[in-house]
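Trainee: Below you'll find the structure I mean.
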Amino acid sequence: MTRLTAAEKQWLQTVNQHTFTPPPPPQLEAAQVKALIESEIADGKSLEILWGISINETQEAGTRALQLIYPAQSTDERMIFVLDTVTHMHKHDMTPLILQQIEVEGTPAHAAVFQVPSDIVSTAGMIRTSQSELDAITDRGQWRELFSRTEPLSARGQDLPSHVRTSVITAESSVLELLPPADSAPDLSSTSFTLPDLAEPVQVALYTPEAPEHLVIALDGDQHLSNGLLNSLEETPFSATTAVLFLWAEGPFDRAKLFAERDLFAALLQQHVLPWAQSLTVLPDATHRIIAGGSLGGLAAAELCRYYPHIARCATVQSASWWWNNLSNDITEGTLLVEWKKADTTPLDINLFVEVGAYEGYLLSWNRAFRKVLQEQGITHTYREYSGGHDYACWSRGIVDSLHYFTQK
């Protein structure tokens, strides 16, 4: 495709109009929070035991209360509650997500009680900052640096293990899940490949049981290693039958180039990655290979499955960036989605597991439009909207769920 028609532009504008910003989780007033804490102290609990987060039932159906209490280190210090996607989308006004400053038994503290949906899955954490630092942030790079300092939450009254890097609020239980670091994963074979088009080598790691029946190619594999994909697999029968090929690019610019240029990406897999993996184990054929990616990786997974089905006929497409533009002569968002919408006389023998978070705002409408295109084209797929956002904690779980879907076929 070299140019969009007027009708195609109008359709894309319609898709792009439907967006929203998820509201921040409501929190109790400072006086109510202080009263709750003082009530627990009156029942014999020490303030030190209350430090951290507790997840409690509420009187409102379908919700839970997150109670956070942390010691304050200075009067200028601010503590931000990070509920991944929601916090990032409210970065220009953090006020609703800043813990309140109170004093309990003469001790200054940061405290808040947030109400969240009981089925939400989200990476969660905290950022210690100051009001002066927040006021001075003016660009994306500064926001990225701030969020890079996110610390995992500690469960109430417990010391945070030094090796833990990520904490997740899950729908499965009322306790905080602390994810182990990537270096605690089972033995992995790893290598890297240098491409002339990229500044840094592409990293690859392979986990494989004996004689795998399925292969998952997990894009942004370093994130899935950190978010416990292999731990989740161990809790299912798939751990004995599924190989996982973790692949990631170093740096945002290499990632964008690799995932946005399907021919470059396909060449990497065909000429380098898959032959290397084949030297270590017998890989299943393309009908039993699943390429999985989120965001721009979701776009890459769908594109590879459509245009290179001999590599993988199944794709887990998560929160895909369908706004992406691949034309140099037109700035309209969504040009790749138009290519999918165009009628094709050859039926596509592929199968897609498509999901997007209910709190993603901008991407929700794009992925709903993609679902409609799949329906119009008669492409085999399933679609769901999960209680979460643009978050690897959600996507790692989604990959496991997609295995259930693909193996039922």
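Any read-out appearing in this document is the output of simple, stated calculations on the displayed coordinates, not a laboratory observation. Source: prediction; values computed, not measured. Virtual Cβ from ideal backbone geometry, glycine too; neighbours counted across all protein chains shown.
Trainee: Can you order the peptides 252-261, 214-223, 196-205, 108-117 by their average number of other Cβ atoms within 10 Å per residue, highest first?
Mentor: 214-223, 108-117, 252-261, 196-205
Trainee: Let me ask something additional. Counting alpha carbon pairs within less than 8 Å and at least 6 residues apart, what relative contact order, in whole percent, applies to the range 181-408? Let's see the in-between values first.
Mentor: Values: 416 pairs, mean separation 38.3, N = 228.
So the answer I get is 17 percent.
Trainee: So how many Lys-Lys pairs in the chain land under 18 Å Cα to Cα, not counting same-chain pairs under 8 apart?
Mentor: 6
Trainee: Quick one: which of 280-291, 370-381, 33-44 comes out on top by average Cβ neighbours within 10 Å, and what's the full order, highest first? Can you show the working numbers first?
Mentor: On the way: 280-291: 18.1, 370-381: 16.2, 33-44: 13.8.
The packing order, highest mean first, is 280-291, 370-381, 33-44.
Trainee: At 222 nm, what helix-only mean residue ellipticity would the chain give, in deg cm²/dmol to the nearest 500, using -39500 (n - 2.57) for each DSSP H run of four or more?
Mentor: Computed ellipticity for the chain at 222 nm equals -9000 deg cm²/dmol.
Trainee: Please provide three numbers in whole Å: the alpha-carbon extents of the range 30-179 along the principal axes, with the largest listed first.
Mentor: 47, 37, 33
Trainee: If you don't mind, another one. Counting DSSP beta bridges in the range 181-408, what percent are antiparallel, to the nearest 5?
Mentor: Close to 30 percent.
Trainee: I'd like the chymotrypsin sites (Phe, Trp or Tyr not before Pro) in the range 1-82 restricted to DSSP loop residues with at most 16 other Cβ atoms within 10 Å, sorted by number.
Mentor: F20
Trainee: Of the listed peptides 126-133, 54-61, what is their order by residue-averaged count of other C-beta atoms within 10 Å, with the highest listed first?
Mentor: Those peptides, ordered most packed to least, come out 126-133, 54-61.
Trainee: Name the residues whose placed amide hydrogens come within less than 5 Å of the amide hydrogen of H90, ignoring near sequence neighbours (fewer than 5 apart) on the same chain.
Mentor: Those lying under 5 Å, H to H, from H90: there are none.
Trainee: With both partners inside the range 30-179, how many of the DSSP beta bridges are antiparallel, as a percent to the nearest 5?
Mentor: 95
Trainee: On the first, second and third principal axes, largest extent first, how far apart are the outermost C-alpha atoms of the chain in Å?
Mentor: 72, 53, 42
Trainee: Follow-up. What does DSSP give for the chain in terms of the percent of beta bridges that are antiparallel, rounded to the nearest 5?
Mentor: Antiparallel bridges make up about 65 percent of those DSSP assigns within the chain.
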